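Reading through the structure tokens given below for one structure.
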Amino acid sequence: MEQNLREQVVQQVRAEIISGQSAPGTMYSVPTLATSLGISTTPVREALLELTRSGLIEPMRNRGFKVVEPTLTELRNLFDLREVLELHAAAIVARKPKRDLEGLYRFADDIARAVRTEDLRLYLESDRSFHQLLTAAADNARLTELVMGLRDQMRLYGIKSRAGLARQNESTAEHYQIIELAMAGNEEALTNLLRHHIRAWEPIFVEALSQVTIPREPIAANRGRGR
């Protein structure tokens, strides 16, 4: 039970941070967040500590956890590393003699529904699950851990902009194409598509991040954040 609650908090806070809903400087308070969610402080504290390890927030003595300010250099480095590791994983999957990738269709369908209904939370969670399952098909737990760790550190600023919404629509069909190419074992076409699938977001995030104004004082947020 506590494990499920912890994961729910992780998903919620991570989505708020990487989508830009919680700007750099926003404070998360364990007691306040626990009260707003109607749960005990233990899963909330564990969730925030997990997000600290991913570099999204940092502990502030006697104040809570502050959303860390990202940089353009860090964002570009994340894209570089993601491209190398995710393409490597996809290539391994394409070369495998047997590939059980049917489970990917469920997440591709969820992504399509999320785009259609403009449900950003569902889009983020389904997209994460899709790429986690695809990477895990390479049967290298350490590789999957590294890839997901990098994805969880990305800041998706601009994802709800006009360009971001257009990119979400484009990516919907790409998820189905990725499944088909992986199942067909077409390594070259798969890695080329996946490279575009990853890199097409870069200019959108970079432009949006360059326009982010970092507050001088931590933001007092409305829901379970701040002191």
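The values are calculated or read from the model by the stated rules, or taken from the named source; none is laboratory data. Every value quoted in this text rests on a predicted model; they were computed, and no experiment measured them. Counting neighbours? That spans all protein chains shown, and the Cβs are built from the backbone with ideal geometry, glycine included.
Give the range 36-82 a look and list any residue that's among the hydrophobic types (A, V, I, L, M, F, W, C), at pLDDT 90 or above and surrounded by fewer than 16 Cβ atoms within 10 Å (Cβ to Cβ), or say none.
Leu49, Met60, Leu81
Can you tell me how many residues in the range 178-194 are farther than 7 Å from Ala94 by Cα and buried (at least 17 other Cβ atoms within 10 Å of the Cβ)?
7
Anything in the range 20-35 that is buried (at least 17 other Cβ atoms within 10 Å of the Cβ) and part of a helix (DSSP H, G or I)? List them, or say none.
Hits for the range 20-35 are Val30, Thr32, Leu33, Ala34.
Does the range 36-85 hold any residues that are of a type outside the set (A, V, I, L, M, F, W, C), within 30 Å of Leu193 (Cβ to Cβ) and not in a helix (DSSP H, G or I), and which are they?
Passing the criteria: Ser54, Gly55, Pro70, Thr71.
Whether any residue in the range 156-163 is hydroxyl-bearing (Ser, Thr, Tyr) and under 24 Å from Thr71 (Cα atoms) is what I want to check.
Yes, the conditions are met somewhere in the range 156-163.
May I ask you to say which residue of Arg151, Arg99, Arg155 is out of contact with any Asp or Glu (no Cβ under 7 Å at 6 or more places or on another chain), buried (at least 19 other Cβ atoms within 10 Å of the Cβ) and not in a helix (DSSP H, G or I)?
Just a single option satisfies the conditions, and that option is Arg155.
Give the range 171-208 a look and list any residue that's among the charged types (D, E, K, R) and within 18 Å of the chain's Cα centre (by Cα), or say none.
Glu174, Arg195, Arg199, Glu202
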